Structures are given as structure tokens and as C-alpha cells.
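**Student:** This is the structure I want to talk about, given as C-alpha cells.
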Amino acid sequence: MDVVERDLVYNRSHKATLPVNSSTFCMAYLETSTGSAAKRTIPLTSKRCLLGRQSDCDVVVDADSVSRHHARILLVGRDYYVEDLNSSNGTEVNNRLIQSRVRLQEGDSIRMSQFEFLFHESLSPLDRDQSEHLLPDQRSIIDEDAFEGPADDTATYLKVASPSSSDTGLHTTSTDPRFDAFIEVTQSLGQFLSLDKLLPRVLDSLFKMLPQSHRGCVILKDAQGELRPGWVKIRKGELRVSRAVVNKVMESGDAIVTSNASTDARFSTNQSNSDFRLKSIMCAPLIDREGNSMGVLQLDTSNGRRAFGQEDLKLLVAMATQTSLAISVAKMHEAELRARTMERDLMLAAEVQRNSLPELRPSVPGYDFFDYYEPAEQVGGDFFDYIPLSDGRLGVVIGDVVGHGIPAALVMSKVLAETRFLAASLQDPATVLDMLNGMTCRSTRLGRFITLVMIVLEPRTHIVTLASAGHVPPQLRRADRTIRLPGREVFGPPLGTSKDTIYQSHSFQMEAGELLFLQTDGMSEAENGAGESFGERRVAELLRHGSLPTDVVTSVICELDHFLENTRRQDDLCIVCFGRR
């Protein structure tokens with residue numbers, strides 16, 4: 001570590017004594033703390049003291065874990081302050097990461113990665129005399145080894161309140177600072193419910209616990225089972241990952257470490273590792289609650305003097321275990337959010353669909369109308385509509401888009417809008433179907449067949465004209481309670497089957513007491529728990545009972561519910577029924 005006083009001009013190659021003006025000399029100083037057997041004193045002789053890895057800093061720390069311009073100490077009036085300069089690993093004062101400028105007091109600890117300095121407000125006379133006779137290189141060179149002393153020198157002292165007494169005692173504990181960082185990060189991982197926030201936190205913590213790390217990444221399986229980088233942190237060089245090593249770690253569930261990738265048989269065959277001179281690599285699996293590998297944590301370094309070892313690997317494995325749990329929780333949270341969003345979207349779609357269907361039944365002299373609509377899911381592909389036409393005529397439409405759910409509902413909305421537009425301008429139901437079929441065949445992106453029946457009722461003459469595109473045949477209940485299927489012989493195929501299809505209409509006169517029943521296939525094809533279909537014959541038999549459309553539809557629905565019991569319907573259900581009094 002180099003100390004360079006920017007207010008004192010000198011040539012590094014010159015070994016002369018530096019004069020110090022006692023009238024401007026600041027009495028505060030830094031003292032190396034961590035692991036140094038012989039403490040070093042660094043006087044703060046200027047109003048600004050820049051600390052970092054780059055050579056233009058006032059205090060140069062030659063270590064990869066320290067940023068180029070890491071932190072700065074400022075003299076403001078008579079007070080000293082320290083501030084972090086957006087460093088990679090942050091700056092701590094008294095073991096607390098600082099976010100803004102912090103005032104320093106006697107004995108405060110300043111930590112950059114694993115390097116710690118103690119701040120003192122005044123020099124002793126002996127220290128002051130010695131500082132005035134240090135040569136440039138003697139004052140500036142405090143190498144990294146000064147921070148790597150015996151175990152006793154790296155002891156940290158924790159103030160612990162005794163739970164059995166009101167007194168507070170001082171207890172000393174020798175501990176690895178990395179363990180403290182591990183405890184700190186594992187306690188905070190549960191707070192992150194988003195992978196975009198969780199994964200960078202994991203890598204930042206690993207770089208703090210293992211400061212020799214140059215590159216790190218979290219690799220996760222995507223929904224298709226492909227390996228994708230979830231997050232990457234690079235301090236130096238370029239990240240390269242061996243797919244073979246990652247696959248081996250994920251398949252075996254075992255973490256691996258090498259002190260020299262170029263000579264390790266597991267890595268040396270990988271050209272990318274040798275090209276980028278990776279000295280040491282660690283890789284640990286991320287395993288979910290079911291014991292399946294969902295990715296890996298990997299760190300590597302080019303620092304040959306500080307290769308990863310077994311203790312480092314244990315720390316990585318412990319971190320991977322906690323990370324796996326946090327990822328599982330984050331994924332469950334994200335899945336729940338997606339489910340809530342989908343539920344909200346479905347509710348909105350259901351409301352839009354309900355609004356697209358008729359709110360009121362027609363009021364036509366001499367006629368009664370009743371309808372029923374229930375999708376199998378929140379939205380469906382069945383639809384119906386009442387379309388007022390010119391000269392007092394009324395159009396009645398019922399249709400079914402193959403399938404159900406949101407895709408069918410989207411197609412339904414499109415077809416319903418087109419039907420309303422065409423019916424308002426065209427006279428004949430068959431002509432409307434011809435136009436709809438042409439539109440459907442051209443809309444190849446829909447990829448769905450549509451069945452539809454269109455009916456035009458002339459209330460003054462009681463003439464009913466209908467055309468069908470592959471739909472369930474309408475059932476006419478006559479006054480004598482017999483059932484017939486009017487126009488069945490001229491019905492055409494579903495819309496979208498062939499662009500050459502020409503549809504035909506059929507007309508008949510509705511007599512007093514007659515009733516026309518329209519339905520989608522969700523009624524007749526409904527199956528109970530035994531696999532038995534409700535069937536057209538059962539529907540026809542039910543039509544023989546009841547007089548008004550309201551009575552008929554209600555009895556049919558009640559019988560269907562009794563038939564299904566607790567079996568869930570698999571298709572949408574739509575009924576339109578009208579009759580002449």
C-alpha cells in the first residue's frame with residue numbers, strides 16, 4: 001500500500017527527507033489494524049486523502065478487492081469525514097456499510113474489503129517526529145502482506161449484552177470476518193422476492209467474503225431446461241464458463257474447486273480457461289427442495305497467490321445452499337404474482353365478454369325470449385346476440401368457436417362484431433354466412449373453426465328464415481309437442497372450412513304455441529362421471545314439457561346439473577329460446 005501526499009511535491013526516485021510545515025500539519029492519522037504485527041502510522045497531512053488501488057491515490061492499497069478510487073477522507077473545518085466513492089465492495093465504518101459522508105471520531109474503524117484502518121485524532125510526539133523523517137517510499141509502501149498476520153492478529157472483538165444481567169460485559173471472540181459476512185447476507189436473502197434483486201446481492205456478498213474473486217456468475221435453468229446466466233459480476237477480465245464443468249456439477253450435485261485450472265484435468269481441456277489464464281475456479285450446484293439441480297454458483301480468479309481452497313469451497317457451498325432456498329422462495333413468489341395477474345386479466349376479460357353480450361332480451365309483440373350463458377372457464381368461445389334489423393325484423397345469432405378460454409374468447413369477439421356489422425346491411429342469413437366464411441378463411445392466423453346459426457324473425461308475418469354453418473340444429477317444438485329440425489337438409493359446414501362454400505337459407509312460418517330452441521354443443525355433449533353424454537334425445541324430451549321459454553330453459557338446465565352431479569363441465573354452454581304465444 002502506497003501513501004502519496006498530494007500537497008507535498010516530490011519525485012518518487014528521490015530519497016531525500018520531506019520537509020513538513022508544522023503550522024499546517026494535521027494531527028490526525030490512520031493506523032493499520034488488520035493482522036499487522038508492526039502497526040503502521042499514516043499521517044493525514046492534507047485536507048483530502050484518497051484511498052484506492054490506483055497509483056494516483058494518496059493511500060494506495062494494491063489489492064484486487066479494492067476499487068481504483070475506493071474512498072476519501074476529508075477535513076472540513078476541524079472535523080474529519082469519510083465517504084465511499086461508489087466502490088465495488090463498499091466502505092464500512094465500525095462494521096456498518098456507509099451510504100453517505102460519515103464524521104470520524106477517535107478510534108473509529110474504516111474497512112475496505114478485508115483491509116482495516118483505525119482513525120486517531122492526534123499523533124503522539126514520537127509518531128510526529130518519525131513522520132517528519134520518512135522517505136517517500138518508506139511512507140508509502142505498506143504491502144498487502146501487512147494485513148495477513150497470525151490468527152490472533154485477525155481476532156475481532158464483539159460487544160455482547162449478557163441476557164442474565166442488567167450489566168453489559170465485554171467478551172472477545174476470535175472469528176473469521178467472512179463468517180460474519182455470511183451470517184449477515186443469509187439473514188437478508190429472505191428479504192429479496194425478485195431474482196433481479198436477489199442474484200446481484202448474492203454475488204456482491206461472495207465478492208466481499210472472497211475478495212480474491214475476479215469473476216462470478218449465477219447460472220440457472222430456464223423454463224425450457226436450457227442454462228442461462230441469471231446474473232454476472234466481473235471485477236477484472238472476461239467471464240468464461242465451461243459447459244462441461246457446469247453440467248458435471250449439476251448432474252453429480254457435488255461442488256468442485258481447482259487451484260490451477262490450466263493443470264487440472266477437469267478444466268485443462270477447456271480452451272477458454274487456458275486462453276484467459278484462469279488460475280482458480282470454484283463451482284457449486286444450486287439444488288431445489290426436490291433435490292433437483294436448477295443451476296450453479298461459480299467464482300474464478302487470476303490471482304495465483306490467492307487461489308481458492310477447501311475452506312473457500314465450503315463457504316461457497318454454504319452460500320449456494322442458502323441461495324437455492326432464496327431462489328425457490330423468489331420463484332414461488334413470482335409464480336404467485338403471475339397467477340394473480342392472470343386472475344386479474346381473466347376477470348377483466350370476463351367482464352368485457354359479459355358487456356359484449358346482450359343486456360336485455362327483445363320486446364317483440366306476441367313473442368317471449370329467454371337465454372342462458374355459462375362459460376366453462378371465466379371466459380368462453382360461445383356467443384349469442386339479438387340484432388334489430390330494418391322494418392321491425394329481428395336477427396338472432398348463436399355461435400361457438402372451437403375451444404374455450406381466452407383464445408376462443410378473442411376469436412368470439414371478432415366474429416360477433418363482424419356478424420353485427422354484416423347483419424345490419426344484408427337481408428338474407430345465408431348471405432351473411434357467405435361473407436363471414438370469406439373473412440374467416442382469409443384470417444388464417446385464427447386457426448379455428450366457428451359454428452354459427454343466424455335467424456331472422458319477421459314478427460308481422462311470423463316468417464322465420466335461418467341458415468347454419470355446422471352448428472347444432474335448432475329444434476322446433478310444435479303446438480302438439482312434437483319436435484322437428486327445420487332446414488337441416490340445407491345446412492353448410494363450419495365457417496373457415498372452405499372458401500368455396502355457398503350457404504343456403506330455409507324459411508318457415510312459426511305458428512301460435514310453437515317454440516324454437518337454439519343451443520351450443522356444450523349441452524348435448526356434456527358428460528357425467530361415468531362418461532355418458534347428455535345427448536340430443538334427452539334435450540328433445542325435455543322440450544316437450546313446459547310452455548314458456550323461461551320454463552323450458554330452466555328445466556333443461558336443472559336436469560343437466562342433476563345429470564352431471566359433481567362433474568365439472570368441459571365446454572361452454574349457451575342457450576337461446578323464443579316462442580310465439
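**Student:** Here's a check for you: in the range 353-366, which residue that is exposed (fewer than 12 other Cβ atoms within 10 Å of the Cβ) and closer than 18 Å to LEU416 by Cβ is farthest from the chain's Cα centre (by Cα)?
**Tutor:** LEU360
**Student:** Determine which single condition LYS208 fails, assuming it passes every other condition in (1) in contact with a strand residue (DSSP E or B) (Cβ under 9 Å, 6 or more places away or on another chain); (2) of a type in the set (D, E, K, R); (3) open to solvent by 30 Å² or more (accessible area, probe 1.4 Å).
**Tutor:** Result: LYS208 fails condition (1) only.
**Student:** Then there's this: Among strands (runs of 3 or more DSSP E) lying entirely in the range 35-153, which contain 1 or more residues that are modelled with pLDDT of 90 or more and either among the aliphatic types (A, V, I, L, M) or open to solvent by 20 Å² or more (accessible area, probe 1.4 Å) (or both)?
**Tutor:** Those strands (runs of 3 or more DSSP E) span 48-52, 71-76, 79-84, 91-93, 109-112, 115-120.
**Student:** Just the residues that are modelled with pLDDT under 90 and surrounded by 16 or more Cβ atoms within 10 Å (Cβ to Cβ), please, taken from the range 389-401.
**Tutor:** The answer is VAL401, and nothing else.
**Student:** (1) farther than 30 Å from GLY366 by Cβ; (2) touching a helix residue (DSSP H, G or I) at 6+ places or on another chain (Cβ under 7 Å); (3) open to solvent by 10 Å² or more (accessible area, probe 1.4 Å): which one isn't true of LEU495, the others all being true?
**Tutor:** Result: LEU495 passes all but (3).
**Student:** So, in the range 483-509, how many residues would count as being touching a residue at least 12 places away in the same chain (Cβ under 8 Å) and within 17 Å of ARG544 (Cα to Cα)?
**Tutor:** 3
**Student:** Quick one: VAL456 ticks every box in (1) out of contact with any helix residue (DSSP H, G or I) (no Cβ under 9 Å at 6 or more places or on another chain); (2) farther than 21 Å from THR550 by Cβ except a single one, so which number is it?
**Tutor:** Status for VAL456: all satisfied but (1).
**Student:** Further, regarding this structure: Sort through THR321, THR341, THR301 and tell me the only one that's farther than 30 Å from TYR373 by Cβ, open to solvent by 10 Å² or more (accessible area, probe 1.4 Å) and either polar (S, T, N, Q) or modelled with pLDDT under 80 (or both). Outline the logic, then answer.
**Tutor:** On the way: THR341 fails: farther than 30 Å from TYR373 by Cβ; THR301 fails: open to solvent by 10 Å² or more (accessible area, probe 1.4 Å).
THR321 is the lone residue from the list that is farther than 30 Å from TYR373 by Cβ, open to solvent by 10 Å² or more (accessible area, probe 1.4 Å) and either polar (S, T, N, Q) or modelled with pLDDT under 80 (or both).
**Student:** Select from the range 502-526 the residues that are closer than 18 Å to CYS577 by Cα and among the hydroxyl-bearing types (Ser, Thr, Tyr) and list them in ascending order. Please lay out each step first, then the result.
**Tutor:** From the range 502-526, those closer than 18 Å to CYS577 by Cα are 507-524; that's our starting set.
The answer is SER507, THR520, SER524.
**Student:** Among the residues of the range 402-445 satisfying the criterion of being modelled with pLDDT under 90 and in contact with a Ser or Thr (Cβ under 7 Å, 6 or more places away or on another chain), which is nearest to ASP500 (Cα to Cα)?
**Tutor:** Taking the candidates together, the pick is LEU416.
**Student:** So, one more: Condition first: charged (D, E, K, R) and at negative phi. Now tell me which residues in the range 373-421 satisfy that.
**Tutor:** Answer for the range 373-421, where residues must be charged (D, E, K, R) and at negative phi: GLU374, GLU377, ASP382, ASP385, ARG393, ASP400, LYS414, GLU418, ARG420.
**Student:** Here is a further query. Filter the range 385-404 down to the residues that are outside any helix (DSSP H, G or I) and in contact with a helix residue (DSSP H, G or I) (Cβ under 9 Å, 6 or more places away or on another chain) and list them by number.
**Tutor:** ASP385, ILE387, PRO388, LEU389, GLY395, VAL397, GLY399, ASP400, VAL401, VAL402, GLY403, HIS404
**Student:** Looking only at residues in the range 505-536 that are among the charged types (D, E, K, R) and farther than 24 Å from VAL402 by Cβ, which one is most open to solvent (accessible area, probe 1.4 Å)?
**Tutor:** GLU511
**Student:** Taking the condition within 21 Å of LEU516 (Cβ to Cβ) and surrounded by fewer than 20 Cβ atoms within 10 Å (Cβ to Cβ), does HIS471 pass?
**Tutor:** When the stated conditions are applied, HIS471 does not pass them.
**Student:** Another one. ALA330 - would you say it is closer than 28 Å to ALA223 by Cβ and either of a type in the set (Phe, Trp, Tyr) or open to solvent by less than 40 Å² (accessible area, probe 1.4 Å) (or both)?
**Tutor:** Criteria met by ALA330.
**Student:** Do we have any residue at all in the range 544-561 that's under 21 Å from VAL456 (Cβ atoms) and crowded, with 16+ Cβ neighbours inside 10 Å?
**Tutor:** For the range 544-561, residues under 21 Å from VAL456 (Cβ atoms) and crowded, with 16+ Cβ neighbours inside 10 Å: present.
**Student:** Scan the range 428-441 and give yes if some residue there is within 40 Å of the chain's Cα centre (by Cα) and part of a strand (DSSP E or B), otherwise no. Steps first, please.
**Tutor:** Residues of the range 428-441 that are within 40 Å of the chain's Cα centre (by Cα), as a first pass: 439-441.
Cutting the leftovers down to part of a strand (DSSP E or B) gives us none.
Checking the range 428-441: not a single residue is within 40 Å of the chain's Cα centre (by Cα) and part of a strand (DSSP E or B).
**Student:** Please identify the pairs in which a residue from the range 560-581 that is under 22 Å from GLN353 (Cβ atoms) has its Cβ atom under 6 Å from the Cβ atom of a residue that is assigned to a helix (DSSP H, G or I) and at pLDDT 90 or above, counting only partners at least 6 apart or on another chain.
**Tutor:** ILE575/VAL553; CYS577/PRO549; CYS577/VAL552; CYS577/VAL553
**Student:** Quick test for you: out of PHE369, PHE308, pick the one residue that is crowded, with 16+ Cβ neighbours inside 10 Å, assigned to a loop (DSSP other than H, G, I, E, B) and in contact (Cβ under 8 Å) with a residue 40 or more places away in the chain.
**Tutor:** PHE308
**Student:** Of all the residues that make up the range 236-253, how many are assigned to a loop (DSSP other than H, G, I, E, B), surrounded by 12 or more Cβ atoms within 10 Å (Cβ to Cβ) and either over 27 Å from the mean Cα position of the chain (by Cα) or modelled with pLDDT under 85 (or both)?
**Tutor:** 5
The values are calculated or read from the model by the stated rules, or taken from the named source; none is laboratory data. Computed from a prediction, not measured in an experiment: that's the story for all the values here. Note that each Cβ is placed from the backbone with ideal geometry, even for glycine, and that neighbours are counted across all protein chains shown. Calculation scope for accessible area: heavy atoms of the full protein, side chains included, ligands and nucleic acids excluded. Shrake-Rupley method; radii C 1.70, N 1.55, O 1.52, S 1.80 Å.
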